[in-house]
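Single-structure report; data block below.
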Amino acid sequence: MKKLLMLVIALIVPIFAAAAETKALSDAEIVGIVLAVNQAEINGGILAQSTSSHPDVKAFGHRLTEEHNDSTSQFNDWANKTNITPQSSSISDTLKADGEKYLEKLRKLNGILFDLDYVNHEVESHQQVLDLWDGKLIPSAKNEELKHLLSLRRASLAGHFEQAKLIKTSLGRKK
């Protein structure tokens, strides 16, 4: 009987986990996720500007800092206008923790090792964020203005992704 109970629990737990994973996000949670993404990119961009010795990496860090600051302002303005308070979620909490952990690692690097690691991370993280935008954030948004704002910011994220890929390729070549 105990083995049967353990088997039932083993089968049910993944179902609940999957249900939690596919649960639609509230608009407040979506804004919380966007703000977490923005803060991670701002922190990384500031570090790239001060640490990198490569002009393209410094410029990219500057671009990310500026555009993610703008995004933060836009989403905060929308939240204030609609009287929505951004909320944390398991996704935003994970993004924040992963961002801090990555920054700690990055702070220990310099020179070409910093540049390569930073740009490689930006390629990977922007792909993940685009997947999150397309698979979770835009489909979950209930407010049409929020959905539109997410779509506009998605274009910017795609531009960051493409630029990061170009810089990653150029870092492998001698100039």
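Net charge in the neighbourhood of T72 (other residues with Cβ under 13 Å of its Cβ; Lys, Arg +1, Asp, Glu -1) is -4.
Kindly provide the helix-only [θ] at 222 nm of the chain, computed as the sum of -39,500 (n - 2.57) over DSSP H runs of four or more divided by all residues, to the nearest 500 deg cm²/dmol?
-28000 deg cm²/dmol
Centroid-to-centroid, using Cα positions, segment 64-114 and segment 20-50 are 4 Å apart. When each full DSSP H helix of the chain is screened for a Cα extent of at least 15 Å along its own axis and an average Kyte-Doolittle hydropathy of at least 1.0, the helices passing are 2-22.
Once all protein chains are placed together, W78 keeps about 10 Å² accessible to a 1.4 angstrom probe. Charge tally around Q49: other residues with Cβ under 15 Å, Lys/Arg +1 each, Asp/Glu -1 each, net -3. In a reduced charge model with +1 at each Lys and Arg Cβ and -1 at each Asp and Glu Cβ, segment 22-142 shows a dipole moment near 240 debye about its Cα centre. Extent along the principal axes, Cα only, for the chain: 68, 46, 23 Å, with the longest axis given first.
The values are calculated or read from the model by the stated rules, or taken from the named source; none is laboratory data. What you see is a predicted model; the values in this text were computed from it and never measured. Cβ: placed from backbone, ideal geometry, glycine included. Neighbour counts: every protein chain shown. Surface areas here come from the heavy atoms of the whole protein model, side chains and all, with no ligands, DNA or RNA. Shrake-Rupley method; radii C 1.70, N 1.55, O 1.52, S 1.80 Å.
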